[in-house]
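Peer 1: Sharing a structure below in structure tokens format, with a few things to ask.
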Amino acid sequence: MNIIEIIQQGVIKGIKSLYGADITAEQVTMNSTRKEFEGDYTVVVFPFARLARKKPDQIAEELGEYLVREVAPVEKYNVIKGFLNLSLSEVFWRGFLSGMYQDEAYGRQPANGQKVMVEFASPNTNKPLHLGHIRNILLGWSSSRILEAAGYEVVRVQIVNDRGIAICKSMLAWQQYGQGATPASAGEKGDHFVGDYYVLFEKKLREEYKGWQQSEEARELFEKKAENGQGEEAFFNSFKNTYFNEYSRLGAGAKDMLLRWEAGDEATVSLWKQMNDWVYQGFDETYRRLGVEFDKLYFESDTYLLGKDAIRKGLEKGVFYQKEDGSVWIDLTGANLDHKLVLRSDGTSVYMTQDIGTAQKRYQDFGVDKMVYVVADEQNYHFQVLFEILKRLGEPYADGLHHLSYGMVDLPTGKMKSREGTVVDADDLIAEVVEEARKNTADRDTVSGLSEEEQEAVIRQIALAALKFFIIKVQPRRRMVFDPKESVDLQGQTGPYVQNAYVRVQSVLRKGGEQDLSPAADYNRIEPQEKEMLNMLHAFPGLIQVAAEEYDPSGIANFCYDLAKAYHRFYHDLSILSADTAAAKAFRLQLSQAVANVLQHGMNLLGIEMPERM
């Protein structure tokens, strides 16, 4: 039982003893005491006024006296406008620190017997991973690690969108303009290589469309179909999709290629496999750079026919209904949604059908209790519908479905457009952040004593910490701007700032050497800077639990920053190795070790490594 639970039980007994009323732990609201007031924890007593039939100030005084008398760790109290602030004894804090400062896994919870699947990354094979994918990957990876620390067994998966018109565009462009080139002959990563042909297709399509607009056929269409007063530019801008589908030579070629792939044409399937393999090799290299991995990959080419069985069974049970044209729908108006198509009139699937079947397949594969989908907020409605359908189908995991929705990522220069080739891809971004870290490290000249290989390792750790922390520290639902230069700032709210605190602790511990820290038991004057960190360390396990329940790693990132900032302040304000007494020195070394362990553990949950020097 942790101290919060101990105090809650004390309050429950106190209310019963003082006022004869029964309350539950859920009715005891507790917060960390605000910095401007004395105390460690604050109990909100206003809800007890009706039970006690007394004013909040009087209840707080009486309850404070009771807790000091009956709950050993509570040493004193004060009352501020009806809020009961409790101060814990130094005996408690010394015992707490002594029991955890050597525990490198402090905060990790025991196994809870539940299994959760986290789906993230889920790229398309017609282009390389980009900045938006990085946010997806980092949120998915850190959430999965936090869930593991909270006691879950975690399965990490992705579904690769490896079929459809987009990859056919890349394939057709390579056939027509590639002249047999390969990633090896071009000296390019496979995903970049294939992505270049997707961009080339769009460029050639624009050129073709521009030329067609001068044709007699285009002039006749404009005169026939343009709305009253609509100019040529507006008409042809709105006509792009129709042109691609009905008039374009390149569009006809891409659609024909998709039909041949679906028909199993040997040459088309062979080219599809070759180009996708190039992309996968590129993806794997980027994943290695980011330090992430998956337990299983699902491919849309395998799953796009799944779900039809579920629709048929659901139709028999009345979950779905069929229209006269043979299409199958579901009425979700009772869930404040609308009517949703799940099977076309020709019997072909829509994305929703596939997602239903894929969820069922994953449950068959792993028997998970929860499924977490890390997908941008553009798909919020899609997942509301999917989850409601799975619930109505009676899927055993339906209550454990969660959409980890996140906002898009922009650069200081603005938005990105993949069709125009203006997307900042993941590899280029990583390289840019590494270069920024290299410049900063050279300016400080802090790793000159290391070998070249060791220097490169430190620079890589700093760069990836900068990239990951800058993205993860933002609450997922918020849209954000990523600035590579700002991300490596040692004075800002950044990953390198947290790493610097850890490096500082390691330097203190190295200088301190092997010491007997038992005199810490005699330390009897805990300073405010020390108390601040003790409170933060004590709260860490609970923060892991909250981050897991809310699927939000930003809380852990911001905690690490706050703890690092508190340690920097402690380091500047108080002597550690030159402390006045042996007890103070031993206590502060214990505290330093505890901070180092928690910083390393916390940052590890975010997928961030901690260097020994920087």
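Peer 1: In the stretch 237-270, what residues are surrounded by fewer than 19 Cβ atoms within 10 Å (Cβ to Cβ) and either in contact (Cβ under 8 Å) with a residue 60 or more places away in the chain or within 21 Å of T182 (Cβ to Cβ) (or both)?
Peer 2: G253, K255, E266, A267, V269, S270
For every residue, the table says whether it meets (1) under 27 Å from N136 (Cβ atoms); (2) modelled with pLDDT of 90 or more.
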residue	(1), (2)
T446	no, no
D483	yes, no
D489	yes, no
T494	yes, yes
L509	no, yes
G512	no, yes
D516	no, yes
E532	no, yes
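Peer 1: Next up: Can you find, within the stretch 490-525, the residue that is farthest from T441 (Cα to Cα) among those that are acidic (D, E) and part of a loop (DSSP other than H, G, I, E, B)? First the steps, then the outcome.
Peer 2: Going residue by residue through the stretch 490-525, those that are acidic (D, E) are 514, 516, 522.
Next, from what is left, pick out any that are part of a loop (DSSP other than H, G, I, E, B): 514, 516.
Working: E514: 30, D516: 36 Å.
Only one residue fits best here, namely D516.
Peer 1: Quick check on this structure: which one of A457, A442, A431 is at pLDDT below 90, hydrophobic (A, V, I, L, M, F, W, C), outside any loop (DSSP other than H, G, I, E, B) and out of contact with any helix residue (DSSP H, G or I) (no Cβ under 8 Å at 6 or more places or on another chain)? Reasoning before the result, please.
Peer 2: Details: A457 fails: at pLDDT below 90; A431 fails: at pLDDT below 90.
Result of the check over A457, A442, A431: A442.
Listed here are the residues, each with its yes/no results for (1) among the basic types (K, R); (2) over 24 Å from the mean Cα position of the chain (by Cα); (3) under 25 Å from I137 (Cβ atoms).
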{"site": "Y280", "(1), (2), (3)": "no, no, yes"}
{"site": "G307", "(1), (2), (3)": "no, yes, no"}
{"site": "R312", "(1), (2), (3)": "yes, yes, no"}
{"site": "E316", "(1), (2), (3)": "no, yes, no"}
{"site": "E324", "(1), (2), (3)": "no, yes, no"}
{"site": "W329", "(1), (2), (3)": "no, yes, no"}
{"site": "V350", "(1), (2), (3)": "no, yes, no"}
{"site": "T358", "(1), (2), (3)": "no, no, yes"}
{"site": "R362", "(1), (2), (3)": "yes, no, yes"}
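Peer 1: For the stretch 12-61, what are the residues that are surrounded by fewer than 18 Cβ atoms within 10 Å (Cβ to Cβ) and either on the phi > 0 side of the Ramachandran plot or in contact with a Cys (Cβ under 7 Å, 6 or more places away or on another chain) (or both)?
Peer 2: Residues satisfying the conditions are G20, R53.
Peer 1: Another question about this same structure. Can you find a residue in the stretch 36-50 that is in contact (Cβ under 8 Å) with a residue 60 or more places away in the chain, polar (S, T, N, Q) and closer than 30 Å to F587 by Cβ? If you could, list the steps in order and put the result at the bottom.
Peer 2: Our first condition is that a residue be in contact (Cβ under 8 Å) with a residue 60 or more places away in the chain; within the stretch 36-50, this holds for 40.
Adding the requirement that they be polar (S, T, N, Q) leaves none.
No.
Peer 1: Wholly within the stretch 280-362, which strands (runs of 3 or more DSSP E) include no fewer than the required count, namely at least 3 residues that are more than 30 Å from F193 (Cβ to Cβ)?
Peer 2: Numbers: elements: 296-299, 328-331, 339-343.
By residue number, 328-331, 339-343.
Peer 1: Okay, moving on. Give all pairs with beta carbons closer than 9 Å in which a residue from the stretch 337-356 that is within 12 Å of I389 (Cα to Cα) meets a residue that is of a type in the set (S, T, N, Q) and in a loop (DSSP other than H, G, I, E, B); count only pairs at least 6 apart in sequence or on separate chains.
Peer 2: From residues that are within 12 Å of I389 (Cα to Cα), the pairs are L341/S327; V342/S327.
Peer 1: Any residue in the stretch 435-446 that's among the acidic types (D, E): show its pairings with residues that are in a helix (DSSP H, G or I) and surrounded by 14 or more Cβ atoms within 10 Å (Cβ to Cβ) at Cβ separation under 6 Å, as long as the two are six or more apart or on different chains.
Peer 2: Every condition considered, the pairs that remain are E436/P484.
Peer 1: Restricting attention to the stretch 220-236, and to residues there that are surrounded by 10 or more Cβ atoms within 10 Å (Cβ to Cβ) and either in contact with a helix residue (DSSP H, G or I) (Cβ under 9 Å, 6 or more places away or on another chain) or β-branched (V, I, T) (or both), which single residue is nearest to N126 (Cα to Cα)?
Peer 2: F236
Peer 1: May I ask you to verify whether V372 is closer than 25 Å to E549 by Cα and assigned to a strand (DSSP E or B)? Let's see the steps before the verdict.
Peer 2: Numbers: closer than 25 Å to E549 by Cα: yes; assigned to a strand (DSSP E or B): yes.
Yes, satisfied.
Peer 1: Name the single residue that is nearest to A521 (Cα to Cα) among those in the stretch 560-601 being among the small types (G, A, S) and outside any helix (DSSP H, G or I). Outline the logic, then answer.
Peer 2: Just the residues of the stretch 560-601 that are among the small types (G, A, S), to begin with: 564, 566, 575, 578-579, 582-584, 586, 592, 594, 596.
Checking which are outside any helix (DSSP H, G or I) leaves us with 575, 578-579.
Working: S575: 18, S578: 18, A579: 15 Å.
For the stretch 560-601, the residue satisfying everything is A579.
Peer 1: Another question, then. Would you confirm whether or not the stretch 160-174 contains a residue that is of a type in the set (S, T, N, Q), out of contact with any helix residue (DSSP H, G or I) (no Cβ under 7 Å at 6 or more places or on another chain) and either surrounded by 14 or more Cβ atoms within 10 Å (Cβ to Cβ) or outside the structural domain of F201 (by TED's automatic domain parsing) (or both)? Lay out the reasoning, then the answer.
Peer 2: So in the stretch 160-174, the residues of a type in the set (S, T, N, Q) come out as 161, 170.
Subset that is out of contact with any helix residue (DSSP H, G or I) (no Cβ under 7 Å at 6 or more places or on another chain): none.
No: zero hits.
Peer 1: Is it true that some residue in the stretch 399-420 is in a helix (DSSP H, G or I), surrounded by 15 or more Cβ atoms within 10 Å (Cβ to Cβ), on the phi < 0 side of the Ramachandran plot and among the acidic types (D, E)?
Peer 2: The first filter runs over the stretch 399-420 and keeps only residues in a helix (DSSP H, G or I), leaving 399-400.
Pick out the ones that are also surrounded by 15 or more Cβ atoms within 10 Å (Cβ to Cβ) and you get 400.
Narrowing further to those that are on the phi < 0 side of the Ramachandran plot: 400.
Cutting the leftovers down to among the acidic types (D, E) gives us none.
No, the stretch 399-420 contains no residue that is in a helix (DSSP H, G or I), surrounded by 15 or more Cβ atoms within 10 Å (Cβ to Cβ), on the phi < 0 side of the Ramachandran plot and among the acidic types (D, E).
Peer 1: Right, another one. From the residues in the stretch 316-354 that are in contact with a Gly (Cβ under 7 Å, 6 or more places away or on another chain) and surrounded by 14 or more Cβ atoms within 10 Å (Cβ to Cβ), which one is farthest from L306 (Cα to Cα)? Don't jump to the end; show me each part of the working.
Peer 2: Step one: of the stretch 316-354, the residues in contact with a Gly (Cβ under 7 Å, 6 or more places away or on another chain) are 320, 345, 349, 353-354.
Filter again for surrounded by 14 or more Cβ atoms within 10 Å (Cβ to Cβ), leaving 320, 349, 353-354.
Numbers: F320: 17, S349: 8, T353: 7, Q354: 5 Å.
It comes out as F320.
The values are calculated or read from the model by the stated rules, or taken from the named source; none is laboratory data. Keep in mind it's a predicted model, so treat the numbers as computed, not measured. Cβ atoms come from the backbone with ideal geometry, glycine included; neighbour counts cover every protein chain shown.
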